[in-house]
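The values are calculated or read from the model by the stated rules, or taken from the named source; none is laboratory data. Computed from a predicted model, the values in this text were never measured in an experiment. Cβ sites come from the backbone with ideal geometry, for glycine too, and all protein chains shown count toward neighbours. With ligands, DNA and RNA removed, areas are computed over all heavy atoms of the protein, side chains included. Shrake-Rupley method; radii C 1.70, N 1.55, O 1.52, S 1.80 Å.
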Amino acid sequence: MTNETGAAKARCVHCREEISVADRYAHGDHIKCGVCGTKHKVVRGDRLRLVIADVGPLRDSLAQNEKLVERLEAELAHARASFGIGANGIGIRLIYALYQVGVNSAPISQGLALTSLGVALVSGLLLEAANWSFLAKRNALMRIGQELDEARAEGQKLRQLIREASKI
Ligand SMILES: [Zn+2]
């Protein structure tokens, strides 16, 4: 894409703004984005491209990103372990509730009937609480998983930018 003034346009790697690259800029020359000030190197291959000139800040971002990924992986592992315990807890409580209802389901006296009702109510509340914590944990798992995916994608993008810039 060359216009009459002999300048081609390429997008800023950082802010995606179009930068005019005059023909006098040779392969490997530095050019600054007029909008955000990011310094680029000109790449004249089969088509004009710009890569980041100074990969220092990118490497810093990548280091931070790697720490974030590590933290999220640990959080996810922790949430998974806690989720497993919660799911088992529900099973145990369910068996306990069924056992109680079964044992007390043939009331001989009014007293036993009331006990049975009490056990059923308490079991119901316990199950409800277990169910709530199950859903909360599942939501937390999904949220951390999503954050981790995003962080990994960001890291991949940064690595790609650094690789491209290092080739010139
Ligand atoms: Zn820019």
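In the range 120-164, which residues are in contact (Cβ under 8 Å) with a residue 60 or more places away in the chain, open to solvent by 40 Å² or more (accessible area, probe 1.4 Å) and over 21 Å from the mean Cα position of the chain (by Cα)?
Passing the criteria: only Glu164.
Can you name the residue in the range 2-15 that is on the phi < 0 side of the Ramachandran plot and outside any strand (DSSP E or B) and is also most open to solvent (accessible area, probe 1.4 Å) among such residues? Walk me through it before giving the result.
Of the residues in the range 2-15, the ones on the phi < 0 side of the Ramachandran plot are 2-5, 7-15.
Remaining after also requiring outside any strand (DSSP E or B): 3-5, 12-15.
On the way: Asn3: 58, Glu4: 171, Thr5: 108, Cys12: 0, Val13: 29, His14: 128, Cys15: 47 Å².
That would be Glu4.
Across the range 21-56, which residue is farthest from Glu164 (Cα to Cα) among those that are among the small types (Gly, Ala, Ser) and within 14 Å of the ligand (Cβ to nearest atom)?
Ranking the candidates gives Gly34 first.
So which residues in the range 57-67 are more than 16 Å from the ligand (Cβ to nearest atom) and either among the polar types (S, T, N, Q) or surrounded by 17 or more Cβ atoms within 10 Å (Cβ to Cβ) (or both)? Don't jump to the end; show me each part of the working.
Going residue by residue through the range 57-67, those that are more than 16 Å from the ligand (Cβ to nearest atom) are 59-60, 62-67.
Leu62, Gln64, Asn65 - these are the residues of the range 57-67 that are more than 16 Å from the ligand (Cβ to nearest atom) and either among the polar types (S, T, N, Q) or surrounded by 17 or more Cβ atoms within 10 Å (Cβ to Cβ) (or both).
With the structure loaded, tell me whether Glu18 is away from the ligand (no atom under 16 Å from the Cβ) and open to solvent by less than 90 Å² (accessible area, probe 1.4 Å) or whether it fails that test.
On the way: away from the ligand (no atom under 16 Å from the Cβ): no; open to solvent by less than 90 Å² (accessible area, probe 1.4 Å): yes.
No, not satisfied.
More than 16 Å from the ligand (Cβ to nearest atom) and in contact (Cβ under 8 Å) with a residue 40 or more places away in the chain, is that true of Val13? Don't jump to the end; show me each part of the working.
Values: more than 16 Å from the ligand (Cβ to nearest atom): no; in contact (Cβ under 8 Å) with a residue 40 or more places away in the chain: yes.
In short, no.
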